[in-house]
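One structure below.
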Amino acid sequence: MTEEIRNWAGNVGFHPARRHRPASLDDLRRVVAQAARVRVLGTGHSFNRIADTRDDLILLGGLPTEVEIDSAARTATVSAGIRLADLAARLHAAGFALPNLPSLPHISLAGACATGTHGSGNANPGLGAPVRAIRLVGPDGDVVELDRGAAPDFPGAVVGLGALGVVTHLTVDIVPTFDIAQYVYQDVPLEELTAQEQFDAAFSAGYSVSAFTDWVGTASLWVKQQVPTASAQTPATRSPLGPGWLGGHPADRAAHPIPGMPAENCTEQLGVPGPWHERLPHFRPNFTPSSGAELQSELFLPRERAAEAIDVVRKLSPLVTPVLQISEVRTVAADDLWLSPSYGRDTVTVHFTWIPDRAAVTPALAAVEQELLPLGARPHWGKLFLSGPAAALTTYPKADDFRQLLDRRDPQGKFRNDFVRRLFPVASDER
């Protein structure tokens with residue numbers, strides 16, 4: 001056994017028999033071809049064992065970082081392990097952008113796509129939606145190209161849970177660069193979000209909107225609005241939504257999502273316009289947003305049940321709040337990716353950043369799942385859950401198609417670890 005590897009939060013330890021850091025595509029192909037079972041670990045920002053293996057573990061950090069921009073086609077072909085912050089800076093310098101970014105730009109593009117990670121915004125689908133081509137190493141060490149226009153099962157490969165092969169490159173759609181101004185509204189009564197009409201008004205107020213709350217009394221709304229491209233000298237602008245919007249008030253100083261914590265690691269607020277990649281995430285890429293001393297869970301629900309879901313969790317606050325650091329509510333547009341938690345439906349996500357104590361968190365998470373799963377909730381593939389994806393699998397209309405895709409692409413299950421096999425068993429395991 002190799003030395004233990006721990007994930008970003010430190011709650012999961014990996015003990016692979018062998019770990020590999022290939023320096024070239026040929027090295028990677030050789031490792032994959034010789035392995036009986038293999039998984040890939042990216043930036044380690046998953047809170048469960050989706051990347052775990054007792055066999056061969058591949059770390060992609062040794063492969064060359066590549067960003068090839070096709071301005072005419074408005075696409076970028078990039079190495080899969082690139083951090084979103086690094087990709088965003090390269091795109092912006094060339095005059096382009098991704099349509100959206102998550103709260104943390106520290107994570108890898110491939111890992112974000114494989115687990116259905118997302119940003120926020122009524123019109124913005126998850127981070128996998130702009131993917132139009134995938135290059136990966138298959139079970140025999142073969143290089144496979146999958147294209148959105150040519151492969152009918154392509155929508156099954158993007159949120160692939162790492163089970164189709166080792167992704168080396170992704171081609172993504174890009175858009176012209178744009179500017180965002182970020183405003184924070186504090187002390188918004190939670191009651192303002194427990195009627196669907198008011199919820200819809202709140203989350204329609206910007207290109208990207210997040211609500212942070214501890215489920216006791218109020219929420220803080222982070223509203224990121226697209227603005228005309230401005231120079232760095234443009235002064236801060238007055239909040240366009242008014243001082244009494246939704247019963248709250250604009251913050252008069254920079255804020256952290258967790259009240260009372262210093263805000264120097266957060267992206268600039270107070271309406272100062274800036275490039276998309278410096279405003280859409282909540283945290284700056286050059287800083288570690290926290291010590292990682294936390295656990296995370298997230299549930300995706302149909303957006304039309306948003307107000308109902310908020311009201312349900314608010315009533316669970318006596319259980320939830322004592323073990324919670326902060327909760328975030330966001331919206332995500334529907335997509336057609338088979339295992340995306342937003343497949344086929346516009347979505348509201350309820351995210352929980354818990355204290356780093358699994359035993360203390362378990363009763364609260366159990367209560368949340370018990371109430372939200374019957375409303376159609378789908379857990380985030382990379383977060384902590386109890387009944388989790390197995391309980392929600394019936395809400396994925398394409399789950400059986402995904403299993404057939406795995407059987408066609410990797411019939412021996414080389415890329416299916418225990419996490420994936422529990423959901424999608426290898427045909428030979430069932431005989």
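The values are calculated or read from the model by the stated rules, or taken from the named source; none is laboratory data. None of the values given here were measured: they were computed from a predicted structure. For neighbour counting, all protein chains shown are included, and Cβ atoms are generated from backbone atoms with ideal geometry for every residue, glycine included.
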Criterion: touching a Lys or Arg at 6+ places or on another chain (Cβ under 7 Å), part of a loop (DSSP other than H, G, I, E, B) and surrounded by fewer than 24 Cβ atoms within 10 Å (Cβ to Cβ) - qualifying residue of PRO125, PRO139 = PRO139
Restricting the first residue to the stretch 138-166 and requiring it to be within 19 Å of GLY413 (Cα to Cα), which pairs with a second residue that is among the hydroxyl-bearing types (Ser, Thr, Tyr) and in a loop (DSSP other than H, G, I, E, B) meet a Cβ separation below 8 Å and a spacing of at least six or different chains?
-> VAL158/SER340; VAL159/THR115; VAL159/SER340; LEU161/THR115
Condition broken by GLU264, with the remaining ones in (1) of a type outside the set (A, V, I, L, M, F, W, C); (2) assigned to a loop (DSSP other than H, G, I, E, B); (3) surrounded by 15 or more Cβ atoms within 10 Å (Cβ to Cβ) satisfied = (3)
Check on ALA129, hydrophobic (A, V, I, L, M, F, W, C) and farther than 13 Å from TRP338 by Cβ | no
Yes or no: PHE402 modelled with pLDDT of 95 or more, crowded, with 21+ Cβ neighbours inside 10 Å and part of a strand (DSSP E or B)?
-> no
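State whether the residues of the stretch 370-385 include one that is touching a helix residue (DSSP H, G or I) at 6+ places or on another chain (Cβ under 8 Å), in a helix (DSSP H, G or I) and of a type in the set (Gly, Ala, Ser).
Taking the stretch 370-385 first, the residues touching a helix residue (DSSP H, G or I) at 6+ places or on another chain (Cβ under 8 Å) are 371-373, 375-379, 381-382, 384-385.
Cutting the leftovers down to in a helix (DSSP H, G or I) gives us 371-373, 375.
Among the residues that remain, those that are also of a type in the set (Gly, Ala, Ser) are: none.
Checked the stretch 370-385: no residue is touching a helix residue (DSSP H, G or I) at 6+ places or on another chain (Cβ under 8 Å), in a helix (DSSP H, G or I) and of a type in the set (Gly, Ala, Ser).
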Of the numbered conditions (1) in contact (Cβ under 8 Å) with a residue 60 or more places away in the chain; (2) among the basic types (Lys, Arg); (3) in the same structural domain as GLY141 (by TED's automatic domain parsing), ARG90 fails exactly one; give the number of that condition.
-> (1)
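Looking at the stretch 54-93, which of the residues that are among the acidic types (Asp, Glu) and not in a helix (DSSP H, G or I) is farthest from ARG37 (Cα to Cα)?
As a first pass, look at the stretch 54-93 and keep what is among the acidic types (Asp, Glu): 55-56, 66, 68, 70, 86.
Next, from what is left, pick out any that are not in a helix (DSSP H, G or I): 55-56, 66, 68, 70.
Working: ASP55: 6, ASP56: 6, GLU66: 27, GLU68: 31, ASP70: 36 Å.
The residue in question is ASP70.
Yes/no per residue for (1) outside any strand (DSSP E or B); (2) surrounded by fewer than 18 Cβ atoms within 10 Å (Cβ to Cβ); (3) without any contact (Cβ under 8 Å) to a residue 60 or more places away in the chain:
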| position | (1), (2), (3) |
| --- | --- |
| LEU246 | yes, no, no |
| ASP252 | yes, yes, yes |
| SER297 | no, no, no |
| PHE300 | no, no, no |
| ASP311 | yes, yes, no |
Filter the stretch 4-22 for residues that are assigned to a strand (DSSP E or B) and either free of Cβ contacts under 8 Å to residues at least 40 places away in the same chain or under 20 Å from the mean Cα position of the chain (by Cα) (or both) and give the result.
-> ARG6, GLY13, ARG18, HIS20
